[in-house]
């Protein structure tokens, strides 16, 4: 194994571990946060970055052009669809009044302001 291969393997392993750590943190946030808006936030932000880090780490580990292309496509689709799904979930939770008003600093979507 050459020095470059060793560096790529170590960098890939570190990125995979960081992505897995972010995914675990997101899972704990889903259990700990009290309302739908907080859970939505913790499900989308760290999870999206975690998936991207895992995909980049796997691409560095595998070093196969076809696998790298598929992993980058997965990361790109996750980065494009997660914010849209997050916004749709938060809007439906807001309209269904599934949030705690004491946790809101300012309700910017309130029509009665």
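Quickly work out the residue 87-to-residue 100 label distance, labels modelled 7 Å from Cα along the C-beta direction, and quote it in nm with one decimal.
2.7
Sort 39, 63 so that the residue with the fewest other Cβ atoms within 10 Å of its own Cβ comes first and the one with the most comes last. Write out the running numbers ahead of the final one.
Working: 39 20, 63 12.
Ranking 39, 63 by Cβ neighbours within 10 Å, fewest first, gives 63, 39.
May I ask for the angle, rounded to the nearest 10°, between helix 3-32 and the longest principal axis of the chain, with both axes built from Cα atoms and the value confined to 0 to 90°?
20
Could you state the angle between the C-alpha long axis of helix 65-95 and the longest principal axis of the C-alpha atoms of the chain, as a value from 0 to 90 degrees rounded to the nearest 10?
10
Can you order the peptides 89-95, 46-52 by their average number of other Cβ atoms within 10 Å per residue, highest first?
Details: 89-95: 14.6, 46-52: 20.0.
My ranking of the peptides, most packed first, is 46-52, 89-95.
Taking the beta-carbon count within 10 Å as an exposure proxy, list 64, 35 from fewest neighbours to most.
Details: 64 12, 35 15.
Neighbour counts put them in this order, fewest first: 64, 35.
Can you give the calculated 222 nm mean residue ellipticity of the chain, where each DSSP H run of n ≥ 4 adds -39,500 (n - 2.57) and the sum is split over every residue, rounded to the nearest 500 deg cm²/dmol?
On the way: 3 runs with 88 residues, N = 113.
That calculation yields -28000 deg cm²/dmol at 222 nm.
What is the angle, in °, between the Cα long axis of helix 36-62 and the longest principal axis of the Cα atoms in the chain? Nearest 10 is fine, range 0 to 90.
10
Is the C-alpha gyration tensor of the chain telling us rounded, prolate or oblate? Criteria: a/c under 1.5 is rounded; beyond that, a/b larger than b/c is prolate, otherwise oblate. Intermediate results must be reported in sequence, preceding the final value.
Working: a/c = 4.24, a/b = 2.52, b/c = 1.68.
Here the chain falls in the prolate category.
Quick check: residue separation of residue 68 and residue 10 times 0.36 nm, minus the Cα distance between them. What number comes out in nm? Don't jump to the answer; show the numbers that get you there.
Details: separation 58, 0.36 × 58 = 20.88 nm, distance 1.71 nm.
Stretched out fully, the residue 68 to residue 10 stretch lengthens by 19.2 nm.
Each value in this text was obtained by applying a stated rule to the coordinates, not by laboratory testing. Since we're looking at a predicted model, the values are computed, not measured. Reconstructed Cβ throughout: ideal geometry from the backbone, glycine too, with neighbour counts over all protein chains shown.
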